[in-house]
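In what follows, a structure is listed as structure tokens, so that the remarks can point back to it.
Just so it is clear, none of the values below were taken in a lab; they were calculated from the coordinates. Only a predicted model underlies this, so the values are computations on that prediction, with no experimental measurement involved. With ideal geometry, Cβ positions are generated from the backbone for all residues, glycine too; neighbour counts draw on all protein chains shown.
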Amino acid sequence: MFALRRRLSARVPLRAVSLLRRWRHNNIIEKAFQLRTTPPVVQILKYPDSAYTRFLRELWADGTVKHVAEGPKLWRDLSDAERKPYFDAFKVDVIQYKKLLRDDPHKYRAEPARPLAPHLRFFREQHASGCFKSLSRSHAMWAMLSEDQKQPYTDAFNADMVTYRKRKLEWTRGLVEGSLDGIQWTGNVLDGSTPTRRQLGVRTSKFRQFLAGPIKSLPPRPRNSFHQFRKSSGLTITAAGSVWRQMTDEEKKPFEEAYARELEEKGYTTEVRRELTALTVIRRTLRRVGHPRRPAPAYLKFYQEWVKAPEVNCLPTGERATLAGQAWRRLTDQEKAPYLEAFAAAMAEYRARQQLKAK
């Protein structure tokens with residue numbers, strides 16, 4: 001397997017290798033979530049940062065501001081000439097952004113536009129009808145409307161926001177547009193078969209973190225070329241160092257090639273194990289979708305009520321836990337009975353739901 005991998009990587013450019021990796025990652029997501037991902041050649045394109053955002057980012061980078069509230073004041077104090085470089089950089093990036101979308105729409109994918117707020121919908125409607133053209137007057141008219149008159153604009157905004165959040169999540173996670181239309185937005189309530197949109201976002205995010213994060217129990221880092229030589233020669237490290245410094249590049253070449261092969265094999269092993277670990281975690285999480293959750297024990301119920309007291313809530317976590325344990329042990333059987341009975345009833349319901357789920 002490793003030999004085949006080396007032969008392939010020797011002929012494939014680095015850019016193509018990265019595309020092949022993304023293609024394999026997308027396949028794992030498709031298998032885990034039954035969702036279609038965008039082809040590796042499609043790149044998400046983010047709208048350029050505004051002039052004000054560029055100014056703030058520059059301040060944070062050089063440590064000029066320590067609190068976010070200082071940024072707006074500093075921006076307002078700038079003259080038009082001082083603001084001009086930020087606006088010019090923003091305009092250049094916007095021109096390049098639009099050019100990429102116009103010239104190669106199949107390669108670049110723009111970020112979905114956020115829906116207009118309710119009061120802006122009202123202004124657009126009034127502006128189209130020719131009632132007024134001033135935004136300030138629109139705000140004044142909007143403030144005079146009753147809640148019932150504002151409700152249609154709010155309902156339209158909320159409906160568009162549901163669609164926008166799906167499109168935004170698809171754009172962020174590299175999914176084909178429309179992939180999430182079959183997933184119902186149910187908050188934390190599960191329908192027992194498909195994950196909610198929020199859970200999908202969390203799981204795909206964890207998937208990316210697993211791919212990028214360190215993996216435990218990996219083989220140790222390969223020995224470098226010098227240690228390859230020392231091991232094969234059987235010399236002490238001092239004697240091997242003396243001999244190594246006198247060797248020519250041609251004599252060192254076999255050991256350097258052996259080190260390069262082990263590095264490549266370790267990299268491939270790391271990548272495969274990272275993907276398998278991520279896929280295992282995702283599948284394990286998906287198996288829990290719709291499964292009943294085991295109720296909290298009687299003591300935890302007591303603890304949750306006990307820590308609500310103001311004189312206890314201000315204490316450190318460790319001290320609270322110690323005092324709660326002492327308070328629980330001081331309770332009589334009669335005082336513990338409500339918690340134990342509630343836990344027994346919850347456990348009976350939990351086991352009944354488990355049996356129902358198993359059928």
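Observations on the structure shown:
- Calculated FRET efficiency for the pair L315/L101, C-beta based, R₀ 45 Å, to 0.05: 0.20
- With a simple spin-label model that places each label point 7 Å from the Cα along the Cα-to-Cβ direction, the separation between E177 and K84 comes to 3.9 nm.
- Label zone at A156 (point 7 Å along Cα-to-Cβ), backbone N below 18 Å, the range 94-125: 113-125
- Linear extension gain, A128 paired with A346, 0.36 nm per residue minus alpha-carbon span: 72.6 nm
- For the pair V94 and L120 in one chain, pulling the backbone fully straight at 0.36 nm per residue adds 7.0 nm over the alpha carbon distance.
- Largest-first principal axis extents, alpha carbons of the range 70-172, Å: 43, 41, 32
- Cross-link pairs exceeding 21 Å between alpha carbons, from the set K91/K166; K73/K98; K166/K357; K98/K166; K91/K168; K46/K98: K91/K166; K73/K98; K166/K357; K98/K166; K91/K168.
- The range 47-110: relative contact order in percent, alpha carbon pairs under 8 Å with at least 6 residues between: 46 percent
- Length added when fully stretched, R223-I237, from 0.36 nm per residue minus Cα-Cα: 3.7 nm
- Over the range 47-110: Kirkwood hydrodynamic radius from C-alpha pairwise inverse distances, Å: 13.3 Å
- Under the Debye formula (equal points on every Cα, no solvent term), log10 I(q)/I(0) of the range 298-358 at q = 0.19, 0.23 Å⁻¹: -0.75, -0.90
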